[in-house]
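The values are calculated or read from the model by the stated rules, or taken from the named source; none is laboratory data. Since the structure is predicted, the reported quantities are computational estimates derived from the model, not experimental observations. Backbone-built Cβ (ideal geometry, glycine too); neighbour counts: all protein chains shown.
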Amino acid sequence: MNSPDDAVQAQRRWDDDEWGAEDDEPLPDTRSGARRLALQALYWEVASPGQLEEALRQRATAANMGTKNIEFAGRLARSCIEHDSEIRELIGATATNWRPERIARMDGLILRLALAELLYLEDAPARVTIHEAIELSKAYGGDKSHAFVNGVLDTIARQRGIKI
């Protein structure tokens, strides 16, 4: 039986106030823009589990992004969900000075996004994936997020023998 909360979840719409006003520039029709789209969809998924596809649909429509980049964003976000437990374990094992619950939500999402791309999509060189994650952390994370994200990703890449 559906509860009133289920109906609210099903009707949830994207809140531009979380990411900037409606009149802000749309996401660029680039791989960088696609990564931002995937990050935004993942953020929505954390707040409303089971809503990833709706988040991707709404944000892709609002972003006015090309099909190729929308497809990449979708593959990236779905890969994060599909490999969530492995990625979380890897982050936990690498960020030894940080208990997983102490990692800022946005930093954790950026790490998960980058690791999904790095380990499961292999669409871009590792250097590009890590650079993009650092840029996302500068845009959406705290003052020192970029150093934390860089350190964790660099360590994992080296441990896995991934050429940077």
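List of remarks:
- Scanning region 96-111 for residues that are surrounded by fewer than 19 Cβ atoms within 10 Å (Cβ to Cβ) and of a type in the set (D, E) returns a single hit, E101.
- Screening W44, W19 for residues that are at pLDDT below 90, among the aromatic types (F, W, Y) and outside the structural domain of R112 (by TED's automatic domain parsing) leaves exactly one candidate, W19.
- Meets criteria (crowded, with 19+ Cβ neighbours inside 10 Å, in the same structural domain as L37 (by TED's automatic domain parsing) and closer than 17 Å to G33 by Cα) for R75: no
- Flag for N97 being out of contact with any strand residue (DSSP E or B) (no Cβ under 9 Å at 6 or more places or on another chain) and assigned by TED's automatic domain parsing to the domain that holds T30: no
- Cβ-Cβ under 6 Å pairs, at least 6 apart or on other chains, region 126-142 side closer than 13 Å to L113 by Cβ, far side crowded, with 21+ Cβ neighbours inside 10 Å and of a type in the set (D, E): T129/E117; G141/D107
- Unmet requirement for N64, which otherwise passes all of (1) at pLDDT 95 or above; (2) polar (S, T, N, Q); (3) out of contact with any Asp or Glu (no Cβ under 6 Å at 6 or more places or on another chain): (1)
Each row is one residue, and each column tells you yes or no for (1) basic (K, R); (2) modelled with pLDDT under 90; (3) assigned to a helix (DSSP H, G or I); (4) over 21 Å from G151 (Cβ atoms).
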site	(1), (2), (3), (4)
W14	no, yes, no, yes
D24	no, yes, no, yes
S32	no, no, yes, yes
G74	no, no, yes, yes
C80	no, no, yes, no
A114	no, no, yes, no
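- Filtered residues of region 116-164 (kept if surrounded by 23 or more Cβ atoms within 10 Å (Cβ to Cβ) and either in a loop (DSSP other than H, G, I, E, B) or touching a Cys at 6+ places or on another chain (Cβ under 8 Å) (or both)): A116
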